[in-house]
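Here's the structure we're looking at; comments come further down.
Here, each number is a calculation from the coordinates, and none is a lab measurement. Predicted model only: the values in this text are computed from it and were never measured. Neighbour counts are summed over all protein chains in view; Cβ atoms, including those assigned to glycine, are modelled from backbone coordinates with ideal geometry.
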Amino acid sequence: MRKTKIFSPENLPGGKVCLLSHYAAVDDSFTSTLKILHQQSILHSVLGPQHGYWGETQDNMIEWEGYIHSRYNVPVNSLYGRTRIPTDEMLQGADCVLVDLADIGSRYYTYIYSMALTMRKCAGLGIPVALMDRPNPLGTTVVEGPVLDPRYKSFVGLYPIPVRHGLTIGELALLFAEMDSLPEPVILSRKAESGWVMPSPNMPTRDTAVVYPGMCLFEATNLSEGRGTTRPFEMFGAPWLDPWKLCDELNGSPFMQGAHLRPHYFIPTFNKHTGIKCAGAQIHVVNESVFRPFKAALGILDHCFKNPETRWNDPPYEYEYEKMPIDILSGNSDVRGAVDAGDTEALIRLSLTPADLWKKTVRNVIDDPERFLFQ
């Protein structure tokens, strides 16, 4: 990737800074980027993504609107309410935009699209963009899942990238700039990173992020993905499943390499099946180097859809009102077709990423496309 600069006011491409960020954007002393910019008297305003700046809104398509920050007295404008693109008014008077968002390495995570749409808007207004690069918590070696078919683009997938893309948010910003023919952002870094701060309400630990590239698919079904429990995406189930049969069938299968399913019952406190006992399992990752979350989720879906009570959810989902939620998440209609047909072998094939295509896509952004593992 292009050489980065250390984060400091001198390395920002402008004086008054509009900050696209959230509460997880902190340094190694857990001081927020918002506070740092305010202390340096260069903070113009704040843009907040899905879930609100503080992560106060729980679920998809729960919007929030802007307000004046109670301590720093600057506007905090919503990019997940009446608009997902910054308005001229939001950016008026800003000399640059600084993006500092904690990403989790999955195509579905909408923060990267708030970044992309902001970059597009800034290019149109001639406002330079800087971006704080942060590590991908899933690493930058393994790539998994189909590349998005552009016919299925949405706010959970605007660009033709795999489900698990293996890029840092800085590399993504450079890739999006190249795809959109935009000016490259200035890439910044810190000397040290903080510990885990949950970037959204249902991403409490890094363990959650590890399974998320697969288990997010459950949002497109009537199965609980564990929202309303203390281990979202790690727990899953429904009132009609047999947890023992599920675990017996999948443990030791090609889908569950590096992980073990433990039968489990839970009662969600909100979201799907609120207050109803659900039967399912918890995923325990025991060897992350061989565990493939997208592949694991396809195997679980294959099993669960053998029960006639399991079904796909209809739209709307993340502001898409026509296409099926599973199709915009998986990036095409092939996963839905294979699950409906009970075609287990097709699902294993669909878990793979076309290596040559992805290496070609990122060749101008990263130094070594051969770093990726596709199996």
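The figures follow:
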quantity	calculated
Least to most buried among 178, 322, 225 (fewest other Cβ within 10 Å first)	322, 178, 225
Label-to-label distance, nm, for residues given as residue 149 and residue 180 (7 Å Cα→Cβ offset)	2.5
Cα-Cα separations in region 315-371 greater than 16 Å, expressed as whole percent	59
Distance (nanometres) between label positions extended 7 Å along Cα→Cβ at residue 274 and residue 205	2.7
Reciprocal mean inverse distance between Cα atoms of region 24-163 - Kirkwood radius, Å	16.2
Sequence-distant aspartates and glutamates (8 or more away, or on other chains) whose Cα lies within less than 13 Å of residue 272	59, 219, 225
Total charge dipole magnitude, the chain, about the Cα centre, Cβ charges on Lys, Arg, Asp, Glu only, Debye to nearest 20	420
Region 187-265 and region 327-375: distance between their alpha carbon centers, rounded to Å	20
Cβ-based exposure ranking for 84, 227, 311, in which fewest neighbours within 10 Å come first	311, 84, 227
Sites residue 194 and residue 65 - FRET efficiency at Förster radius 25 Å, r taken between beta-carbons, to 0.05	0.30
The chain - convex hull of alpha carbons, volume per residue in Å³	131
Added length on full extension, which subtracts the Cα-Cα distance from 0.36 nm per residue, residue 345 to residue 312	9.8 nm
Of the trypsin sites (Lys or Arg not before Pro) in region 142-199, those whose Cβ has at most 14 other Cβ within 10 Å and which sit in DSSP loop	191
MRE, 222 nm, helices only [DSSP H, n ≥ 4, -39500 (n - 2.57), over the chain, to nearest 500]	-7000 deg cm²/dmol
Likely footprinting exposure, 28, 343, fewest C-beta neighbours within 10 Å first	28, 343
Over 32 Å between alpha carbons, listed pairs 153/245; 35/360; 5/121; 323/359	153/245; 35/360
Positive dipole terminus of region 206-352, leading residue within 342, 325, 290 (C-beta point charges)	290
Rounded if a/c under 1.5, otherwise prolate or oblate - region 206-352, Cα gyration tensor axes	rounded
Relative contact order, percent, region 165-292 [alpha-carbon distance under 8 Å, six or more residues apart]	19
